[in-house]
Number of protein chains: 2
Amino acid sequence: MNMSRTRGERLVVIGGDAAGMSAASQARRLKGPDELEIVAFERGNFTSYSACGIPYWVGGDVTDRDRLIARTPEEHRARDIDLRLRTEVTELDLARQRVRARDVDSGAESWTPYDKLVIATGARPIRPDMPGADAPGVHGVQTLDDGQELLDSLARTRGRRAVVVGAGYIGVEMAEALINRGYQVTVVNRGSEPMSTLDPDMGRLVHEAMEGLGITMVNDAEVTKILTGDDGRVRAVATQDREYPADVVVLGIGVRPETTLAQAAGLPLGTHGGLLTDRSMRVRGHEEIWAGGDCVEVLDLVSGQERHIALGTHANKHGQVIGTNVGGGYATFPGVVGTAVSKVCDLEIARTGLREKDARRVGLRFEAVTIESTSRAGYYPNASPMTVKMLAEHRTGRLLGVQIVGREGAGKRVDIAAVALTAGMTAEQMTTLDLGYAPPFSPVWDPVLVAARKAAAKVRSSL
Amino acid sequence: MNMSRTRGERLVVIGGDAAGMSAASQARRLKGPDELEIVAFERGNFTSYSACGIPYWVGGDVTDRDRLIARTPEEHRARDIDLRLRTEVTELDLARQRVRARDVDSGAESWTPYDKLVIATGARPIRPDMPGADAPGVHGVQTLDDGQELLDSLARTRGRRAVVVGAGYIGVEMAEALINRGYQVTVVNRGSEPMSTLDPDMGRLVHEAMEGLGITMVNDAEVTKILTGDDGRVRAVATQDREYPADVVVLGIGVRPETTLAQAAGLPLGTHGGLLTDRSMRVRGHEEIWAGGDCVEVLDLVSGQERHIALGTHANKHGQVIGTNVGGGYATFPGVVGTAVSKVCDLEIARTGLREKDARRVGLRFEAVTIESTSRAGYYPNASPMTVKMLAEHRTGRLLGVQIVGREGAGKRVDIAAVALTAGMTAEQMTTLDLGYAPPFSPVWDPVLVAARKAAAKVRSSL
């Protein structure tokens with residue numbers, strides 16, 4: 001039990017990935033070791049790595065696992081961060097301002113007091129509660145260790161049939177990875193179309209493109225069982241209707257905030273199970289506790305309600321804000337607009353703001369339009385088709401959301417809408433946005449402007 | 001002389017390219033031929049073509065001239081627009097609301113009365129007033145006819161030495177076009193670095209990249225004479241220092257508003273020689289006259305002053321606004337933020353807002369930062385370096401401008417800043433923008449966010 005307090009304040013960080021270590025690093029930048037001792041607990045073997053990069057490592061685009069690691073444990077320690085790997089925090093004692101941690105290898109436990117605490121415990125993958133879900137050959141892709149296990153499993157397997165369960169970002173990215181590895185890929189999806197973060201009409205475009213890539217897309221399918229062979233290894237995935245033979249199965253059915261510790265300590269959780277913070281990323285009602293990354297809920301600036309979004313870019317921003325505040329500065333995270341971008345082979349998929357059902361759920365009436373355009377001037381080589389859907393609020397015309405499906409140049413166009421959403425622009429205001437134009441980069445009316453014109457017209461005609 | 005007025009109002013449009021024909025088309029959409037007669041005069045042979053596409057046609061990326069034509073004369077006529085090609089308007093008679101037009105071929109002149117008038121006379125290229133400027137082998141690239149003449153000239157010339165005069169957008173695009181055609185290209189530039197629409201430190205990056213492409217870049221050079229051989233054809237370009245042998249010369253030294261008619265009629269012109277309009281694109285002080293495209297000045301929303309920008313995307317927007325207003329609707333063009341994007345081979349160049357000297361000129365004090373980042377996550381294949389420069393106002397931190405030089409994925413990132421400028425965001429506000437992130441699309445901190453963080457920090461530390 002280490003109760004010695006020889007120096008200034010002590011910051012304890014729970015979780016050694018993006019949010020936690022960004023917070024630790026930023027706090028260290030602002031306060032030296034004499035002012036602030038920093039102890040960080042990580043139950044795994046790695047720090048500050050890009051979980052978002054795992055599909056590209058599995059698919060072979062990234063050849064070296066270590067390239068996914070932004071900062072190693074040694075680098076953190078060289079900055080006077082007392083990083084304790086393979087050490088899991090098992091209890092928060094808020095009354096006495098201390099955490100209990102267990103050495104994963106020895107099982108030894110000890111308490112560490114804190115003056116300030118950062119909770120960055122991340123998310124845990126949803127694992128289906130069904131027979132066979134833990135069989136050899138069934139893999140998640142949440143951590144670097146998961147990725148290594150999957151790669152080892154692929155190396156051991158002679159068969160070439162892969163089933164991906166789930167058709168969200170992870171699902172489609174893993175479908176691409178397995179196609180790149182030469183597998184026959186079947187994606188089994190509970191929803192009516194892949195990418196349920198899009199409206200189904202846009203998801204349909206993803207569906208068609210995936211089939212064009214040779215991926216078998218099975219929608220409206222509930223996985224009921226994972227079947228194993230005599231050797232105990234996975235041999236098929238069963239749905240309500242039929243069986244899909246599988247030499248390897250990848251689960252990509254989403255994540256939930258990992259807030260077991262926080263819940264046990266009575267910290268405030270939202271309806272999605274994530275910690276609730278204020279704008280400075282402080283846990284609500286707790287002056288000395290901050291939380292960020294995949295374990296928190298964030299304010300959706302468009303709907304006005306909290307959401308749970310597990311995304312490295314948010315985790316890094318949270319960490320930066322927390323570290324600044326812990327270090328005595330001032331920073332806030334105002335919220336998100338729900339931007340996400342992904343790709344499956346050369347198909348780019350992007351969204352920001354609200355889908356139709358999100359808007360309805362929060363009582364917003366809207367006009368929706370969909371347009372077809374191209375990534376470059378139509379006469380320029382490699383101009384590729386792009387579909388843009390836009391939702392604008394009825395009457396006010398305020399932008400509510402944009403979804404884009406296309407090829408090269410489609411994905412990052414969503415940033416235009418992300419900034420416009422943040423600024424509260426109307427579709428009409430967007431029609432005169434001064435966006436970059438030259439034939440290799442855009443038609444003379446950028447696709448987002450074409451959508452804005454149509455949305456603005458529809459808003460006007462519905463008044 | 002045609003004074004017959006058998007129908008409703010008559011709209012006369014002067015100029016058959018983007019602004020004029022967009023206005024005519026939009027007005028026609030809103031008002032049928034019984035309500036509104038539309039007469040459009042164009043002195044050339046083409047309508048509604050992409051002048052911006054000419055370098056790519058010359059360079060061979062676009063193989064067919066007709067692909068640059070968005071709408072042919074026949075298509076316009078099919079929509080009941082009385083289009084008169086090869087007919088030049090020679091006089092505006094505001095008092096009697098009529099224009100005098102001359103048939104270019106026959107020389108015959110006649111007056112046409114109007115109820116409403118749209119002036120879309122475009123811009124004229126700056127031609128150097130020096131010996132040899134009109135010699136065979138010296139070409140502008142303003143019109144489709146110019147492009148055809150240049151292509152014919154290239155086909156006739158055995159030599160492979162090209163000199164491009166001017167290093168702005170047209171200059172660098174033509175350098176690329178001529179490299180693609182197998183020429184040895186020398187670019188002679190009056191400024192200290194190419195791309196004077198960027199600050200010189202960013203122009204330096206373009207300079208280095210152009211040299212890396214094998215283009216000879218001559219800065220600080222004033223062309224004094226164009227030398228011709230015994231056959232009368234160009235043989236060299238002379239500057240104050242030396243001669244550059246040339247089998248073909250392309251002039252890309254900018255354009256000025258073509259407002260000869262407007263000036264003669266006493267319409268209001270700004271300090272850049274362009275027509276001054278109000279927000280509905282109506283010529284100031286003239287209820288029934290609109291103007292748009294390359295012949296007008298536009299309000300720069302960042303500096304608060306008028307500028308002249310010849311760019312097809314603005315011309316199309318102006319035409320849309322004018323046509324809507326002429327057709328009895330309501331639309332405005334609020335102004336520009338000065339966004340432009342270009343490329344020379346695989347180098348992408350973008351800018352929006354104010355350069356350092358623009359800010360100083362209008363009395364704005366600023367903090368400037370420059371950062372290096374990459375187009376994708378550093379570990380993802382083909383992540384390419386990108387330099388982002390950002391100017392933020394001293395004290396307020398308001399974004400003033402962004403310049404980007406990089407490879408694939410650099411150019412259109414400027415749209416993020418263009419929207420943020422329009423919304424009046426500060427660098428600090430930009431640091432939490434919810435931009436699209438996934439490893440194939442961006443580092444976890446988008447390069448624009450990295451620049452915003454550094455700019456915000458510099459603003460804070462200078463308080």
For the stretch A:146-169, enumerate the residues that are surrounded by fewer than 22 Cβ atoms within 10 Å (Cβ to Cβ), small (Gly, Ala, Ser) and not in a helix (DSSP H, G or I). A:Gly159, A:Gly168
Are any residues in the stretch B:177-207 more than 24 Å from B:Gly338 (Cβ to Cβ) and free of Cβ contacts under 8 Å to residues at least 24 places away in the same chain, and if so, which ones? B:Gly182
Number of positions in the stretch A:383-440 that are more than 7 Å from every other protein chain (Cβ to nearest Cβ), over 23 Å from the mean Cα position of the chain (by Cα) and either among the small types (Gly, Ala, Ser) or closer than 30 Å to B:Val344 by Cα (or both): 11
Residue under evaluation B:Arg376, criteria (1) assigned to a loop (DSSP other than H, G, I, E, B); (2) surrounded by 22 or more Cβ atoms within 10 Å (Cβ to Cβ), criterion not met: (2)
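Yes/no matrix, rows are residues, columns are (1) away from chain B (no Cβ under 14 Å); (2) surrounded by fewer than 15 Cβ atoms within 10 Å (Cβ to Cβ); (3) touching a Gly at 6+ places or on another chain (Cβ under 9 Å):
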residue	(1), (2), (3)
A:Gln26	no, no, yes
A:Arg29	no, yes, yes
A:Glu35	yes, yes, yes
A:Val39	yes, no, no
A:Cys52	no, no, yes
A:Ile69	no, no, no
A:Arg98	yes, no, no
Quick check on A:Met386: is it assigned to a strand (DSSP E or B), under 27 Å from B:Tyr56 (Cα atoms), in contact (Cβ under 8 Å) with a residue 40 or more places away in the chain and not small (Gly, Ala, Ser)? yes
What tally of residues in the stretch B:414-456 results from selecting those that are outside any loop (DSSP other than H, G, I, E, B) and surrounded by fewer than 24 Cβ atoms within 10 Å (Cβ to Cβ)? 8
Could you tell me whether any residue of the stretch B:355-371 is buried (at least 20 other Cβ atoms within 10 Å of the Cβ) and under 20 Å from the mean Cα position of the chain (by Cα)? yes
If you go through the stretch A:348-371, how many residues are aliphatic (A, V, I, L, M), in a strand (DSSP E or B) and out of contact with any Lys or Arg (no Cβ under 6 Å at 6 or more places or on another chain)? 3
Quick check: anything in the stretch B:73-91 of a type in the set (A, V, I, L, M), more than 30 Å from A:Tyr379 (Cα to Cα) and either over 21 Å from the mean Cα position of the chain (by Cα) or buried (at least 17 other Cβ atoms within 10 Å of the Cβ) (or both)? yes
Which condition number in (1) crowded, with 23+ Cβ neighbours inside 10 Å; (2) over 19 Å from A:Ser384 (Cα atoms); (3) in contact (Cβ under 8 Å) with a residue 40 or more places away in the chain; (4) more than 8 Å from chain B (Cβ to nearest Cβ) is the one that A:Val459 fails? (1)
Return the pairs, sorted by first residue and then second, in which the second residue is modelled with pLDDT under 95, the first residue lies in the stretch A:281-296 and is aliphatic (A, V, I, L, M), the beta carbons are less than 9 Å apart, and the residues are 6+ apart or on different chains. none
Consider A:Val172 carefully, then state whether it is under 25 Å from the mean Cα position of the chain (by Cα), under 24 Å from A:Glu149 (Cβ atoms) and surrounded by 19 or more Cβ atoms within 10 Å (Cβ to Cβ). yes
Going through the stretch A:301-335 one residue at a time, which ones are at the interface with chain B (Cβ under 7 Å from one of its Cβ atoms), out of contact with any helix residue (DSSP H, G or I) (no Cβ under 7 Å at 6 or more places or on another chain) and not hydroxyl-bearing (Ser, Thr, Tyr)? A:Leu311, A:Lys317, A:Pro334
Condition first: within 29 Å of A:Ser192 (Cβ to Cβ), among the β-branched types (Val, Ile, Thr) and in contact with a Leu (Cβ under 6 Å, 6 or more places away or on another chain). Can you find one or more residues in the stretch A:150-164 that meet it? no
Extreme residue, farthest from B:Val62 (Cα to Cα), among residues of the stretch B:126-145 that are at pLDDT 95 or above and not in a loop (DSSP other than H, G, I, E, B): B:Val138
Restricting attention to the stretch B:247-299, which residues are in a strand (DSSP E or B) and either surrounded by fewer than 16 Cβ atoms within 10 Å (Cβ to Cβ) or out of contact with any Leu (no Cβ under 8 Å at 6 or more places or on another chain) (or both)? B:Val249, B:Leu251, B:Val255, B:Arg256, B:Thr277, B:Arg282, B:Val298, B:Leu299
Evaluate the following for A:Val255: is it among the β-branched types (Val, Ile, Thr) and either out of contact with any strand residue (DSSP E or B) (no Cβ under 9 Å at 6 or more places or on another chain) or within 30 Å of A:Arg100 (Cβ to Cβ) (or both)? yes
Confirm whether B:Gly304 is touching a residue at least 60 places away in the same chain (Cβ under 8 Å), in a loop (DSSP other than H, G, I, E, B) and loosely packed, with under 15 Cβ neighbours inside 10 Å. no
In the stretch B:336-347, how many residues are more than 8 Å from every other protein chain (Cβ to nearest Cβ) and either of a type in the set (Lys, Arg) or not in a loop (DSSP other than H, G, I, E, B) (or both)? 2
If you go through A:Met210, A:Met217, A:Met195, the only one that is modelled with pLDDT of 95 or more, assigned to a loop (DSSP other than H, G, I, E, B) and either in contact with a helix residue (DSSP H, G or I) (Cβ under 6 Å, 6 or more places away or on another chain) or buried (at least 24 other Cβ atoms within 10 Å of the Cβ) (or both) is A:Met195
Out of the stretch A:443-456, which residues are touching a helix residue (DSSP H, G or I) at 6+ places or on another chain (Cβ under 9 Å) and more than 7 Å from every other protein chain (Cβ to nearest Cβ)? A:Pro443, A:Asp446, A:Pro447, A:Val448, A:Leu449, A:Ala451, A:Ala452, A:Arg453, A:Lys454, A:Ala455, A:Ala456
How many of the residues in the stretch A:450-463 are within 27 Å of B:Gly53 (Cβ to Cβ) and more than 28 Å from the chain's Cα centre (by Cα)? 3
Quick one: what pairs do we get from the stretch A:110-132, first residue under 17 Å from A:Gly319 (Cβ atoms), second of a type in the set (Phe, Trp, Tyr) and crowded, with 22+ Cβ neighbours inside 10 Å, C-beta under 8 Å, 6+ apart or different chains? A:Lys116/A:Trp290; A:Leu117/A:Trp290; A:Val118/A:Trp290; A:Ile119/A:Trp290
When residues of the stretch A:225-246 are limited to those that are part of a strand (DSSP E or B) and not aliphatic (A, V, I, L, M), the one farthest from A:Ala51 (Cα to Cα): A:Glu243
Which of the residues that make up the stretch B:43-61 are assigned to a loop (DSSP other than H, G, I, E, B) and within 19 Å of the chain's Cα centre (by Cα)? B:Phe46, B:Thr47, B:Ser48, B:Ser50, B:Gly59
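The values are calculated or read from the model by the stated rules, or taken from the named source; none is laboratory data. Remember, it's a predicted structure, so these values are computed and weren't measured experimentally. With ideal geometry, Cβ positions are generated from the backbone for all residues, glycine too; neighbour counts draw on all protein chains shown.
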